[in-house]
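> Sharing a structure with you now.
The values are calculated or read from the model by the stated rules, or taken from the named source; none is laboratory data. Just so it is clear, the structure is predicted and the values come from calculations on it, not from any experiment. Every residue, glycine as well, gets a Cβ built from its backbone with ideal geometry; the counts of neighbours run over all protein chains shown.
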């Protein structure tokens, strides 16, 4: 089914391009034919000039006069063999300005081949003529069509890209929800076994640790279940939410990693989904720890302005090349030998799509460390 849909889609795209290409080609042919007709008209006009010069006034045919009088659209300059210059259909033209005359003759020669007016093999004059107003307008028509082709191609490209992105998002959401379901099922069973262990007089310290890990797994399952759904945002103190995540990460990292939180004294209230925000901070801290190879300093700095709050994650890790500042947030990108490269991509989605904020690499120096900034809107009042 999907294969047939792709065939139909590409057939429509190919057919559309063929139609537009055909229009462009026919327009080009029409333009060339129109120029040829224009030249024939000018050659007839030059013959009428010969008849006008070499006939008595009383013997000039009305057709000759009509041919000469009715050419009101083609700009022309006629240079006679005695050096005199005549012009027609040229506005604001100063025939005494030799520089302007020379430039115009040169331009006309580039647009159309000059016509020599001869009588009995004697050169009487040379006719230089430019493109008429209609031709000048027509020559921009192919450019307009090319612009239409470009815009059409852009629309098709963005349509295809957005369609592909929507499919990937749907797949990602489905996988996340299925993961949450698969985690939740054995968790229910494990919780039942804990109740049995309590009745078996097992050391409570062991049971407490198991319960902590179960609580943690429940949190992870809940996070995955929120992917693809619109999460609820609540008024939260971003400082306390960040602190609790840092405390958790301290218990899950070695003593060689030093955490430092720089914060204002007052609370900073913003709209957050606690679980998803905590997940983002965890992902960033884990990446910093991996970058430092398990040893170094991580500073989390929280700043506020009138409308915004910034959370900076500053580490002393290996650093990131500038060309990768945006790429590290792409799904599937990873510098590790193991892993799917979804952590930072997920963080970007949580901050930008769900919290309407921004996340970016602010600065990084190879061998010295990286600074990543999360920016969210403050809640006033």
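> Being more than 19 Å from residue 364 (Cβ to Cβ) and either at pLDDT 90 or above or assigned by TED's automatic domain parsing to the domain that holds residue 366 (or both) is true for just one of 263, 286, 293. Which residue is that? Even if it seems obvious, please write down each step before you answer.
Working: 286 fails: more than 19 Å from residue 364 (Cβ to Cβ); 293 fails: more than 19 Å from residue 364 (Cβ to Cβ).
Result: 263 is the single residue among 263, 286, 293 that is more than 19 Å from residue 364 (Cβ to Cβ) and either at pLDDT 90 or above or assigned by TED's automatic domain parsing to the domain that holds residue 366 (or both).
Rundown of residues vs (1) modelled with pLDDT of 90 or more; (2) more than 18 Å from the chain's Cα centre (by Cα); (3) at positive phi; (4) not assigned by TED's automatic domain parsing to the domain that holds residue 287, yes/no style:
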| position | (1), (2), (3), (4) |
| --- | --- |
| 319 | yes, yes, yes, no |
| 331 | no, no, no, no |
| 337 | no, yes, no, no |
| 341 | no, yes, yes, no |
| 353 | no, no, no, no |
| 357 | yes, yes, no, no |
| 360 | yes, no, no, no |
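> Which one of 88, 80, 54 is in contact (Cβ under 8 Å) with a residue 60 or more places away in the chain and touching a strand residue (DSSP E or B) at 6+ places or on another chain (Cβ under 9 Å)?
Working: 88 fails: in contact (Cβ under 8 Å) with a residue 60 or more places away in the chain; 80 fails: in contact (Cβ under 8 Å) with a residue 60 or more places away in the chain.
After applying the criteria, what remains is 54.
> Assuming residue 265 fulfils every condition listed in (1) in a helix (DSSP H, G or I); (2) without any contact (Cβ under 8 Å) to a residue 40 or more places away in the chain apart from one, which condition is it?
All conditions are met except number (1).
> Just checking, does segment 370-379 include any residue being surrounded by fewer than 20 Cβ atoms within 10 Å (Cβ to Cβ), over 27 Å from residue 232 (Cα atoms) and in contact (Cβ under 8 Å) with a residue 24 or more places away in the chain?
Checked against the condition, which is being surrounded by fewer than 20 Cβ atoms within 10 Å (Cβ to Cβ), over 27 Å from residue 232 (Cα atoms) and in contact (Cβ under 8 Å) with a residue 24 or more places away in the chain, segment 370-379 yields at least one hit.
> Inspect segment 272-289 for any residue being part of a strand (DSSP E or B) and in contact (Cβ under 8 Å) with a residue 24 or more places away in the chain and give the result as yes or no.
Taking every residue of segment 272-289 in turn, at least one turns out to be part of a strand (DSSP E or B) and in contact (Cβ under 8 Å) with a residue 24 or more places away in the chain.
> I would also like to ask the following. Can you name the number of the only condition in (1) within 19 Å of residue 43 (Cβ to Cβ); (2) at pLDDT 80 or above that residue 71 fails?
Of (1) within 19 Å of residue 43 (Cβ to Cβ); (2) at pLDDT 80 or above, only one is false for residue 71: (2).
> Sticking with this structure for a sec: Among (1) touching a helix residue (DSSP H, G or I) at 6+ places or on another chain (Cβ under 8 Å); (2) at pLDDT 90 or above; (3) under 24 Å from residue 235 (Cβ atoms), which single condition is residue 310 missing?
Of everything listed in (1) touching a helix residue (DSSP H, G or I) at 6+ places or on another chain (Cβ under 8 Å); (2) at pLDDT 90 or above; (3) under 24 Å from residue 235 (Cβ atoms), residue 310 misses just condition (1).
> I'd like to verify a number: residues in segment 297-312 that are assigned to a strand (DSSP E or B) and in contact (Cβ under 8 Å) with a residue 60 or more places away in the chain, how many?
Number of matching residues: 7.
> Can you give me the number of residues within segment 115-147 that are touching a strand residue (DSSP E or B) at 6+ places or on another chain (Cβ under 7 Å) and exposed (fewer than 14 other Cβ atoms within 10 Å of the Cβ)?
Residues in segment 115-147 being touching a strand residue (DSSP E or B) at 6+ places or on another chain (Cβ under 7 Å) and exposed (fewer than 14 other Cβ atoms within 10 Å of the Cβ): 3 in total.
> What number of residues in segment 196-207 are surrounded by 10 or more Cβ atoms within 10 Å (Cβ to Cβ) and either touching a residue at least 60 places away in the same chain (Cβ under 8 Å) or assigned to a helix (DSSP H, G or I) (or both)?
Going through segment 196-207, the residues surrounded by 10 or more Cβ atoms within 10 Å (Cβ to Cβ) turn out to be 197-198, 202, 204, 206-207.
Those still in the list that are either touching a residue at least 60 places away in the same chain (Cβ under 8 Å) or assigned to a helix (DSSP H, G or I) (or both) too: 197-198, 204, 206-207.
Residues meeting the conditions: 5.
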